[in-house]
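The values are calculated or read from the model by the stated rules, or taken from the named source; none is laboratory data. Because the structure is a prediction, the values reported are computed rather than measured. Reconstructed Cβ throughout: ideal geometry from the backbone, glycine too, with neighbour counts over all protein chains shown. Keep in mind that these areas ignore ligands, DNA and RNA; they rest on the heavy atoms of the full protein, side chains included. Shrake-Rupley method; radii C 1.70, N 1.55, O 1.52, S 1.80 Å.
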Amino acid sequence: MRLFAAVLPPAPAIEELAAEVAQLKKLPAADRLRWPGPDSWHFTLAFYGEVPEEIVPGLRERLGRAAGRRDPYPLRIAGGGRFSDRVVWAGADGDRPAMRTLAGAASAAGRRAGVAMEEEHRPYTPHLTLARNRVPGLDLRPYAAALKDFAGAPWTVDALALVRSHPPVPGAAGTQPRYETVGSWPLGH
């Protein structure tokens, strides 16, 4: 199964961001972007890819231990940007060092469980994907600029989630991946 570890924002944070995204969708050419729905919004901590069924129990055990060793921390969805002309994203503000530490622990849990993971050579930057672009030459700078001053209400990250990604339906235009939380562990327990 295709898995990743994530921080899942609470419903009030998702609702605030959804209101902001509704404004982004009014910008020129917004209809040319793919907008994953609010039910898919998350901060990926570690991407595991296709994980053999027999490795999952060990991964779950290690994620539980990793979560138990980390304290809850404050976070809010804030700001945003773009990855080149491919992705528009919302950022995070709060205890970003704690978020990086949790991401490192989630990656280490995967490696120790036997997940064949690619080495990350860039620093972890928490982001939540809002839109994907498949149109060459479409300028995403106006979307990033519109998100610059966004700041949602703070909340406490108190859990680490293991999420399964179900791919879009082949041949069905406009379908998005579907995400299913298959495990969750409280931080600091």
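Quick check: is even one residue across segment 17-30 assigned to a loop (DSSP other than H, G, I, E, B) and under 14 Å from the mean Cα position of the chain (by Cα)? Quick ask: steps written out before the conclusion?
So the first thing to find is which residues in segment 17-30 are assigned to a loop (DSSP other than H, G, I, E, B), and the list is 25-29.
Next cut, under 14 Å from the mean Cα position of the chain (by Cα) only: none.
Checked segment 17-30: no residue is assigned to a loop (DSSP other than H, G, I, E, B) and under 14 Å from the mean Cα position of the chain (by Cα).
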Exercise for the section: Filter segment 147-162 for residues that are among the aliphatic types (A, V, I, L, M), assigned to a strand (DSSP E or B) and touching a Pro at 6+ places or on another chain (Cβ under 9 Å) and give the result. Expected result: Val157, Ala159, Leu160
Exercise for the section: Test each condition in (1) modelled with pLDDT of 95 or more; (2) open to solvent by 60 Å² or more (accessible area, probe 1.4 Å) for Val88 and report the one that comes out false. Expected result: (2)
Practice task
Identify the single condition in (1) closer than 22 Å to Ala145 by Cβ; (2) open to solvent by less than 20 Å² (accessible area, probe 1.4 Å) that Asp93 does not satisfy, given that it satisfies every other one.
Solution key: (2)
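Could you pull out the residue among Pro36, Pro12 that is in a loop (DSSP other than H, G, I, E, B), of a type outside the set (A, V, I, L, M) and under 17 Å from the mean Cα position of the chain (by Cα)?
Pro36
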Problem - Boolean, Leu24 is buried (at least 17 other Cβ atoms within 10 Å of the Cβ) and within 21 Å of Arg141 (Cα to Cα) - result: yes
Practice task
Hey, can you tell me all the residues within segment 133-145 that are open to solvent by 50 Å² or more (accessible area, probe 1.4 Å) and either farther than 18 Å from Leu27 by Cα or not in a loop (DSSP other than H, G, I, E, B) (or both)?
Solution key: Arg141, Pro142, Ala145
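Do you know which residues across segment 100-132 are in a helix (DSSP H, G or I) and under 12 Å from the mean Cα position of the chain (by Cα)? Step through it out loud before you land on a result.
First, the residues of segment 100-132 that are in a helix (DSSP H, G or I): 100-113.
Once the filter is applied, which keeps residues that are in a helix (DSSP H, G or I) and under 12 Å from the mean Cα position of the chain (by Cα), segment 100-132 yields only Ala103.
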Fill in the blank from the handout: Across (1) crowded, with 18+ Cβ neighbours inside 10 Å; (2) more than 12 Å from the chain's Cα centre (by Cα); (3) assigned to a strand (DSSP E or B); (4) not acidic (Asp, Glu), Gly49 clears everything bar (1)
